[in-house]
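Only one structure is covered here, and it is reproduced in the block below.
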Amino acid sequence: MKYLNEYKPGENFSGIYLVKTTTTALTKAGKPYYGLTLQDKNGTMEAKIWNTDAAEIKPFKALDYVSAAGTCVDFAGTVQAHLTQIRVAQPSEYNVGDYIPVTPADVKTLSSQLDKTIEVIEDPHLHELCENLFIKNTEFRAKFESWSAAKTVHHACMGGLLHHTISVTSICAFLCQQYPWLNRDLLLTAALCHDIGKTRELTQFPENILSDVGYYVGHVVMSYEMLTREIDKIADFPEELKAQLQHCILAHHGELEFGSPKKPMISEAFALAYADLIDSKMEILRSALENAAPDAWTPYNKWLENYVHPTYHA
């Protein structure tokens, strides 16, 4: 199959893809059209169907696998498909594995790193907290290791949540070596737990969209709530330590406008917010460069607020 990131403006579009989302809207002239998000394992592409009454446009809905054809155009620096034919594909025509993005990292290695991180947490209360959440709760662990970290922005793939969590935790471990006055046990625990609410905020693949509670509450608050419930199961958990850990979770987006109910007020909260930002931005950058033409500037990236260009090393 031809993957969506391989198409260029001006090319014919043809293939079987997953319809991740679909909407109906009106043109300025009041004529209805369809807006679609198509998906394969390498990413997504926006598509439009302008002539919704055409005989070649057969009924379909979100999460259908469809056979579609049309042309590719440049829209604001990105490739968009204008479809003139579409029908629901038969199961024999496609392999589901071609349409579900999976983390390129080795999940078994990431899982082992999670266990090793818990092993080095010396504070008995924090160690018990992490063991209860990630070791003893096998149902949650399986869900955590398979979940996505986002809809589209970064680590938006199966295993993405685990990959992002271990990346952030590794950055935090380095910061503890560089700045030994940080409370390592507190910071590593906060790093492991900072996004556990994503397992409730996002739905399972192939859908991978915001759940109702994800819209209403969001993963920052849900991570805080889930962590608080686990803390309250542990006898004599120190109140000050509980408040510090809760604060790290609530402040891990760094700024109020980025969705943090609190701005960082302790060193570990600052360190976690910076680590989270570094990993998310670097993954956005990697993805942008991976999908760019060789030796060419990428389209404007709203998450990086700039154009970016690959570098080469002899």
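Summed over segment 258-294, residues that are farther than 27 Å from Cys157 by Cβ and either part of a helix (DSSP H, G or I) or outside the structural domain of Ile121 (by TED's automatic domain parsing) (or both) total 4.
A quick yes/no check of all residues on (1) surrounded by 15 or more Cβ atoms within 10 Å (Cβ to Cβ); (2) among the β-branched types (Val, Ile, Thr):
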| position | (1), (2) |
| --- | --- |
| Gly77 | no, no |
| Gln80 | yes, no |
| Gln90 | no, no |
| Ile100 | yes, yes |
| Lys108 | no, no |
| His125 | yes, no |
| Leu133 | yes, no |
| Ala142 | no, no |
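Every test in (1) within 17 Å of the chain's Cα centre (by Cα); (2) over 22 Å from Gly197 (Cα atoms) is passed by Asp295 save one, and that test is (1).
Of everything in segment 63-106 that is among the small types (Gly, Ala, Ser) and modelled with pLDDT of 90 or more, the residue that is nearest to Thr24 (Cα to Cα) is Ala81.
Taken over segment 228-250, the criterion of being in contact (Cβ under 8 Å) with a residue 40 or more places away in the chain and either assigned to a helix (DSSP H, G or I) or surrounded by 19 or more Cβ atoms within 10 Å (Cβ to Cβ) (or both) is satisfied by Glu230, Ile231, Leu241, Gln244, Leu245, Cys248, Ile249. Could we say that Phe140 is closer than 30 Å to Met45 by Cβ, touching a Ser or Thr at 6+ places or on another chain (Cβ under 9 Å) and modelled with pLDDT of 95 or more here? Judged against the criteria, Phe140 is not a match. Taking segment 131-175 as the search range and keeping residues that are aromatic (Phe, Trp, Tyr) and part of a helix (DSSP H, G or I), which one is nearest to Ala271 (Cα to Cα)? Filtering first and then ranking leaves Phe174. Of all residues in segment 28-76, those that are over 25 Å from Ser287 (Cβ atoms) and of a type in the set (Asp, Glu) total 3. Surrounded by 12 or more Cβ atoms within 10 Å (Cβ to Cβ) and within 23 Å of Glu93 (Cβ to Cβ): does that describe Lys41? In short, yes. All conditions but one from (1) part of a loop (DSSP other than H, G, I, E, B); (2) without any contact (Cβ under 8 Å) to a residue 40 or more places away in the chain; (3) closer than 28 Å to Ile284 by Cβ; (4) not aliphatic (A, V, I, L, M) apply to Gly10; the one that does not is (2).
The values are calculated or read from the model by the stated rules, or taken from the named source; none is laboratory data. The structure presented is a predicted model; accordingly, all values stated were derived computationally and were not measured. Glycine gets a Cβ as well: all are built from the backbone with ideal geometry, and neighbour counts include every protein chain shown.
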